[in-house]
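Remarks on the structure that follows.
The values are calculated or read from the model by the stated rules, or taken from the named source; none is laboratory data. Predicted model, so just to flag it, every value in this text is computed and none were measured. FYI the Cβ positions are ideal-geometry reconstructions off the backbone, even for glycines, and counts take in every protein chain you see.
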Amino acid sequence: MNETHKKNWVNKRKARKQNLQPDDLFAALISDDRSALSSSITLLESTLDSDQVKGRALVEKSLPHAGQAIRIGITGVPGVGKSTFIEAFGLYLISLGKKLAVLAVDPSSEEGEGSILGDKTRMYKLSQAENAFIRPSPSAKNLGGVARKTRESILLCEAAGYDVILIETVGVGQSETMVHSMVDFFLLLMLAGAGDELQGIKRGIMELADLLVINKADGDNLKKSELAAREYKNAMHLFPVNANEWIPKTAVCSALENKNIDTIWKEIESFQNQTKVNGWFDKKRKSQDLRWFNGSLKETILHHYLDQKGAKASVQEFEKKIIDQEITPFEAAEILFKKWINDKSV
């Protein structure tokens, strides 16, 4: 693409973005327009004030049409085959007549904050399926391994008619538990023979898992996988009983050979049926709304503070003092907070 064509292409994208209005986007969104869904999520992820106003309006319009999907979080150690698993699992769900949305979070670079965004190439077959929507988003250093607007993106996908939402997280870590607060079902993918069977995996993650799946259970690795599944099953029985009355399960599968994928979906359906009957499903959805509110409140307060004249300079000044060990992080935060309160009272 030469410079002239590139410039024209960029200008067209800018013009199209500026013309995006919540009413038009919403109408296209609920009419099964995948490009409208993609544009809507882009609007949500924008940091521009004007875009954020439009994004909030779009979410408000979508709320009455959302909430009917099953939300599934999928995480696992690097190299466990998350993308391969999601593609095999997604194609199976589509074969059942489901509409599937995959919100795949790519790790952002610590230096330039860019991300790979390669999930569409790793899930080529699934990305070509008519009833599948794959949206890679950069985590942008967001804690919890999920993108900044993942909760809102889930609602937009549901309003667009997708009845299964998969959230693929960056990887296993203590902060990864945030995804648990926005899904109905938490699936943890593991490997056998990777040296992290029981001691290497964080207990906090295992306690959150509704289903622990040993992937790559094929060839010479099959027996190791079955043994690892038994060990994990015994270990998980030592954890406290879940408030939802669901006993976490273990399973083995081979995403590469498409084996036991149907078993995993049956477990998810069983979980959904049980928790809807005992009332836990709706109870957790309500608790998710409260977490969403608290997160939005903190984000709004921080945004309004940083938007004030001189605020960013003050933050940078204190960051330098913290690095030079002239002040503690707690003291710096307290001083800035009191300064903000005093400024607001003027």
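Within region 189-210, being in contact with a Phe, Trp or Tyr (Cβ under 9 Å, 6 or more places away or on another chain), at pLDDT 80 or above and not in a helix (DSSP H, G or I) holds for L189, M190, A209, D210. Please enumerate the residues belonging to region 305-321 that are surrounded by 12 or more Cβ atoms within 10 Å (Cβ to Cβ) and in a loop (DSSP other than H, G, I, E, B). Once the filter is applied, which keeps residues that are surrounded by 12 or more Cβ atoms within 10 Å (Cβ to Cβ) and in a loop (DSSP other than H, G, I, E, B), region 305-321 yields only Q308.
Yes or no, residue by residue, for (1) at pLDDT 85 or above; (2) buried (at least 22 other Cβ atoms within 10 Å of the Cβ); (3) among the aliphatic types (A, V, I, L, M); (4) part of a helix (DSSP H, G or I):
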{"site": "N142", "(1), (2), (3), (4)": "no, no, no, no"}
{"site": "R148", "(1), (2), (3), (4)": "no, no, no, no"}
{"site": "M178", "(1), (2), (3), (4)": "no, no, yes, yes"}
{"site": "K224", "(1), (2), (3), (4)": "yes, no, no, yes"}
{"site": "R230", "(1), (2), (3), (4)": "yes, no, no, yes"}
{"site": "K233", "(1), (2), (3), (4)": "yes, no, no, yes"}
{"site": "N244", "(1), (2), (3), (4)": "yes, no, no, no"}
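Annotation note: of K249, K216, the sole residue that is of a type outside the set (V, I, T), at positive phi, at pLDDT 90 or above and in contact with a Ser or Thr (Cβ under 9 Å, 6 or more places away or on another chain) is K216.
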